[in-house]
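Below: the structure, in structure tokens.
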Amino acid sequence: MTVRFQNKTWFPLLFLTVREIDMDKQMIDKLDGQLSNIFIVGWKRNFEWTYELRNLNRGQLAFHGLEITVADFFGWAVRNRTVSDVQTFTVYPKLTHLKYQPIQMQFDHGGIESSVSIVKDTSMVTGIRDYQAGDRFSWIHWKSFAKNETLRTKEFEDRTSQHTFLCIDRTVAYNFEEIVDLAASILQSVVKNQGDISFLSYGLTRRYFPNIKTQSQFQKVIQHLATVQPDANETIYSILTKELKNLSAATFLFITSNFSEEMSHFFTKGTSVMRGAICFVVTEGNVITKRNYPNLKVIHIGREQFQNAFTEVVKP
């Protein structure tokens, strides 16, 4: 944080004291005694006050203004003034660089791939064929049409697209900051590597972000994650049952800090709603432990191991 001062008169000042007003409590805790400062000004026309806020928690914080006291050399005047200038800024979740690998789950009964959709890679033309109803206008092969006035359509290489559906648990407050940080890191990694992912955040408010592919879409999600709170007033069982009944075409990725019996029951008894699921349970310390259920992989992971999240998923 830098505050710049300018003395617009030629009159010298003996000193100036400055203090930030109405500061957020977490900012005060991070200042280490830098809440106020005093300057011997003299003939200086311009000077500045710089202080650093370290390790702020995510959220939206506000700068409200300053309380200033000045005195001249002769002691004729001591003046106090409050300058209000409200400015807000957002602290985003802490992002960890993940070693990205496409998700392919392995269970006791062998490998299970999530359902995939077939998409056209329009950068790879493999041939042309006769036009069919429903073909896109942009796929028409105009050079062929110019030769024989017959509509023909370009054929493209097919590729599979594996979709991931990510959800965070807003029913638990324990390790919630780590839950948010891991979710943000996973989203960043998938988007950066051109994967297919959607995100659901369900609490007092419900936010759903489908098919996050661009940086602008990711930015909207990260703005939400900067202020989201563990404020759900429904049980996780009812939330998952309601939200995941149409999830057959995606791998389900869930992040919590408490893998309860209720959650275990949902995944083991209600697996018909999905082809496969991974549950990250955020714990303390530098640990990774795994347990496989039918159609479910549970991975206990500490913050220090976030970078290995994807590699742990693809291990048998």
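Figures for the structure shown
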read-out: Tally of residues being surrounded by fewer than 16 Cβ atoms within 10 Å (Cβ to Cβ) and modelled with pLDDT under 80 across the range 241-260; value: 4
read-out: Any hit, the range 208-215, residues being under 21 Å from Thr90 (Cα atoms) and part of a helix (DSSP H, G or I); value: yes
read-out: Members of the range 192-217 found to be touching a strand residue (DSSP E or B) at 6+ places or on another chain (Cβ under 7 Å) and among the β-branched types (Val, Ile, Thr), listed by number; value: Ile197, Ile212
read-out: Matching entry among Asn80, Asn46 (being at pLDDT 85 or above and closer than 15 Å to Lys8 by Cβ); value: Asn46
read-out: Residue, surrounded by the fewest Cβ atoms within 10 Å (Cβ to Cβ), within the range 69-104, restricted to residues that are closer than 30 Å to Gly276 by Cα and of a type in the set (Lys, Arg); value: Lys99
read-out: Selected residue (criterion: modelled with the highest pLDDT) from residues of the range 169-207 that are touching a His at 6+ places or on another chain (Cβ under 9 Å) and surrounded by 22 or more Cβ atoms within 10 Å (Cβ to Cβ); value: Phe199
read-out: Selection from the range 276-316 of residues that are open to solvent by 40 Å² or more (accessible area, probe 1.4 Å), of a type in the set (D, E, K, R) and at pLDDT below 90; value: Glu284, Lys290, Arg291, Lys315
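Condition check ((1) at pLDDT 80 or above; (2) acidic (Asp, Glu); (3) loosely packed, with under 14 Cβ neighbours inside 10 Å) across all residues:
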| site | (1), (2), (3) |
| --- | --- |
| Asn7 | yes, no, no |
| Phe11 | no, no, yes |
| Asp24 | no, yes, no |
| Met27 | no, no, no |
| Gly33 | no, no, yes |
| Thr50 | yes, no, yes |
| Phe63 | yes, no, no |
| Glu67 | yes, yes, no |
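The values are calculated or read from the model by the stated rules, or taken from the named source; none is laboratory data. Remember, predicted model here, so these are calculated numbers, not experimental data. Neighbour counts run over all protein chains shown; Cβ positions are idealised from the backbone, glycine included. Note: accessible area is taken over every heavy atom of the protein model, side chains too, but ligands, DNA and RNA are not part of it. Shrake-Rupley method; radii C 1.70, N 1.55, O 1.52, S 1.80 Å.
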